[in-house]
Number of protein chains: 2
Amino acid sequence: MTTTMIQEKFNHIFDSNLIEEIKKVGNIRTFKKDDIIIDINQPLNHIPLLLEGNIKILREDAEGNELLIYFLEAGETCTMSLTCCMGTTKSKIRAVAEKDSSLVMIPVLNMQKWFNNNESWRNFILESYQTRFDEMLDAIDSIAFMKMDERLYKYLINKTKLHDSKTLHIKHQDISEDLHTSRVVISRLLKQLENEHKIKLSRNKIQVL
Amino acid sequence: MTTTMIQEKFNHIFDSNLIEEIKKVGNIRTFKKDDIIIDINQPLNHIPLLLEGNIKILREDAEGNELLIYFLEAGETCTMSLTCCMGTTKSKIRAVAEKDSSLVMIPVLNMQKWFNNNESWRNFILESYQTRFDEMLDAIDSIAFMKMDERLYKYLINKTKLHDSKTLHIKHQDISEDLHTSRVVISRLLKQLENEHKIKLSRNKIQVL
DNA sequence: TAATCTATGTAACATTTATTACAAAGTCTA
DNA sequence: TAGACTTTGTAATAAATGTTACATAGATTA
């Protein structure tokens, strides 16, 4: 079951030799929703490839304030951990399972070898960087140019896509942490969105209309 | 003079064969302070390597609001243009000469070839991504977690390092554009910093104490 | 079902940042 | 040097966001 999933998710990305190598050295790990997959300052010696689920990537400052940067979907990798592994430094971000998720963990040594001798791996790395860069720019746009009400609505729309459902099971407190603001502000703006008939609120639930 | 500069800036980064190739295919271009080197939506088919000077990388939204993301220094490249070139898409950022600067422009085809057959180039690309990622995170931290007075002071300190001088020749209006706020806000906060004896203000000039 | 806990609603107020308007100081040029 | 222009200072006010405090509604458990 596990190796077939590697085949299925990555056969259009990696060549067949590489798929076999991944099956051989990759260590499959599963995480429950809200599990911390990678934490800040944690040394990294494996690259995670996401097989199933979603992962949210967060930044945290010295005072413990959080900010959501972007989400990872199946078939993607965390470029943050790439840079960390290459530089043998520690993680600068936190990765949390947004849903139950499964990952293949690739030891750094293999990843370095493949980077030098496998073109499909090199292209994957390059494309990952490209996607992540775009997402970082998007995150910067949001916090720099958008007001909180717009950010909130964008966040909700993004969540509906990610979970493939118009009904979100989420608390105002959680949203406020992702967007780095206070619960009161989020409750206020959500009520405003409800008055504009864009959403419908109930306890632990938001329906996007 | 031009090729010796390539040698000088890059001989500790690239192997000697690659240096020769860069000298052969690289096109040296010079820019005056405030020249636009790369503009938003401009298609890119060359990778710039910075020989001399400094470049500031800006993001701009649909309404024309700008935001400084980071600076490039000699020996660095703009990873934004890497991702653009690889994806044959258009530039998502603007690059402006912070000082008079000179660059070697590498045609995309060469860059792609080297990526597959030259390890020193591959490592350079990877390290560039790593540095840029860190700078993007730093930019996100600033706008998400810091208040404008802190961002302003950090900006000034950063400029003194970049220009290797405690005396900055800059207008309040320019600062406000880099930080995406208004001139009035910057004047107010600068005056506050002066009252705290952290800086000294005069027309077109700020001394960092 | 009563007591308790969790999540949300909302008012009142503080702070930060944005906007408008205008004065004054410094620089440049006819 | 007078007038024009650019840059900076600052007041008054508006808008957005943050904070504190408390009420109420819904869920859970003894």
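For the range A:168-195, filtered to residues that are within 14 Å of DNA strand D (Cβ to nearest atom) and not in a helix (DSSP H, G or I), the residue that is farthest from A:N54 (Cα to Cα) is A:S182.
For the range B:80-90, the count of residues that are in contact with a Cys (Cβ under 8 Å, 6 or more places away or on another chain) and not small (G, A, S) is at least one. Scanning the range A:161-192 for residues that are within 12 Å of DNA strand C (Cβ to nearest atom), in contact with a strand residue (DSSP E or B) (Cβ under 7 Å, 6 or more places away or on another chain) and within 14 Å of chain B (Cβ to nearest Cβ) yields a single hit, A:E177.
Scanning the range B:3-31 for residues that are touching a Ser or Thr at 6+ places or on another chain (Cβ under 8 Å) and either among the aromatic types (F, W, Y) or in a helix (DSSP H, G or I) (or both) turns up B:M5, B:F14, B:L18, B:K23, B:F31. Within the range B:21-52, work out how many residues are within 26 Å of B:Q173 (Cα to Cα) and in contact with a Leu (Cβ under 8 Å, 6 or more places away or on another chain). Total meeting the criteria: 3. When B:N195, B:N123, B:N158, B:N117 are checked against the criterion of being away from chain A (no Cβ under 11 Å) and farther than 24 Å from B:E60 by Cα, B:N195 stands alone in meeting it.
Screening A:S165 with (1) of a type outside the set (K, R); (2) in a helix (DSSP H, G or I); (3) more than 26 Å from B:E66 (Cα to Cα) gives one miss only, at (2). Looking across B:L58, B:L51, one residue alone is in contact with a Lys or Arg (Cβ under 6 Å, 6 or more places away or on another chain), under 24 Å from B:E119 (Cβ atoms) and assigned by TED's automatic domain parsing to the domain that holds B:V108. It is B:L51.
Does at least one position in the range A:42-58 carry a residue that is touching an Asp or Glu at 6+ places or on another chain (Cβ under 8 Å), more than 23 Å from A:Q130 (Cβ to Cβ) and in a loop (DSSP other than H, G, I, E, B)? Within the range A:42-58, none of the residues are touching an Asp or Glu at 6+ places or on another chain (Cβ under 8 Å), more than 23 Å from A:Q130 (Cβ to Cβ) and in a loop (DSSP other than H, G, I, E, B). Against the test of being crowded, with 19+ Cβ neighbours inside 10 Å and in contact with an Asp or Glu (Cβ under 8 Å, 6 or more places away or on another chain), the options B:S81, B:S120, B:S101 yield a single qualifying residue, B:S101.
Here is a yes/no grid of residues against (1) over 19 Å from B:E73 (Cβ atoms); (2) surrounded by fewer than 15 Cβ atoms within 10 Å (Cβ to Cβ); (3) in the same structural domain as B:L67 (by TED's automatic domain parsing):
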{"residue": "B:Y155", "(1), (2), (3)": "no, no, no"}
{"residue": "B:K161", "(1), (2), (3)": "no, yes, no"}
{"residue": "B:T167", "(1), (2), (3)": "yes, yes, no"}
{"residue": "B:I170", "(1), (2), (3)": "no, no, no"}
{"residue": "B:S182", "(1), (2), (3)": "yes, yes, no"}
{"residue": "B:V185", "(1), (2), (3)": "yes, no, no"}
{"residue": "B:K191", "(1), (2), (3)": "yes, yes, no"}
{"residue": "B:I199", "(1), (2), (3)": "yes, no, no"}
{"residue": "B:R203", "(1), (2), (3)": "yes, yes, no"}
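Out of A:F115, A:F124, A:F133, one residue alone is touching a residue at least 12 places away in the same chain (Cβ under 8 Å), hydrophobic (A, V, I, L, M, F, W, C) and in the same structural domain as A:M80 (by TED's automatic domain parsing). It is A:F124. Evaluate the following for B:V208: is it over 16 Å from the mean Cα position of the chain (by Cα), surrounded by 15 or more Cβ atoms within 10 Å (Cβ to Cβ) and away from DNA strand C (no atom under 13 Å from the Cβ)? Yes.
So in the range B:139-153, with the set limited to residues that are more than 14 Å from chain A (Cβ to nearest Cβ) and buried (at least 18 other Cβ atoms within 10 Å of the Cβ), which one is nearest to DNA strand C (Cβ to nearest atom)?
B:L152
Here the condition is being in contact with a strand residue (DSSP E or B) (Cβ under 6 Å, 6 or more places away or on another chain), in a strand (DSSP E or B) and more than 9 Å from chain A (Cβ to nearest Cβ); of B:L72, B:L67, it holds for B:L72 alone.
Kindly indicate whether B:K99 is assigned to a helix (DSSP H, G or I) and at pLDDT 90 or above.
Numbers: assigned to a helix (DSSP H, G or I): no; at pLDDT 90 or above: yes.
No: the conditions fail for B:K99.
Could you say which residue among A:L109, A:L82 is among the aliphatic types (A, V, I, L, M), free of Cβ contacts under 8 Å to residues at least 24 places away in the same chain and in the same structural domain as A:S16 (by TED's automatic domain parsing)?
Just a single option satisfies the conditions, and that option is A:L109.
Can we say B:L50 is out of contact with any Pro (no Cβ under 6 Å at 6 or more places or on another chain), farther than 18 Å from B:A139 by Cβ and either in contact (Cβ under 8 Å) with a residue 12 or more places away in the chain or surrounded by 14 or more Cβ atoms within 10 Å (Cβ to Cβ) (or both)? Spelling it out, B:L50 is indeed out of contact with any Pro (no Cβ under 6 Å at 6 or more places or on another chain), farther than 18 Å from B:A139 by Cβ and either in contact (Cβ under 8 Å) with a residue 12 or more places away in the chain or surrounded by 14 or more Cβ atoms within 10 Å (Cβ to Cβ) (or both). Filtering the range A:122-162 to residues that are among the polar types (S, T, N, Q) and either closer than 19 Å to B:L67 by Cβ or in contact with a Phe, Trp or Tyr (Cβ under 7 Å, 6 or more places away or on another chain) (or both) leaves only A:S142.
The values are calculated or read from the model by the stated rules, or taken from the named source; none is laboratory data. The model shown is predicted, which means the values in this text are computed figures rather than measured ones. No Cβ is skipped: glycine too gets one built from the backbone with ideal geometry, and neighbour counts run over all protein chains shown.
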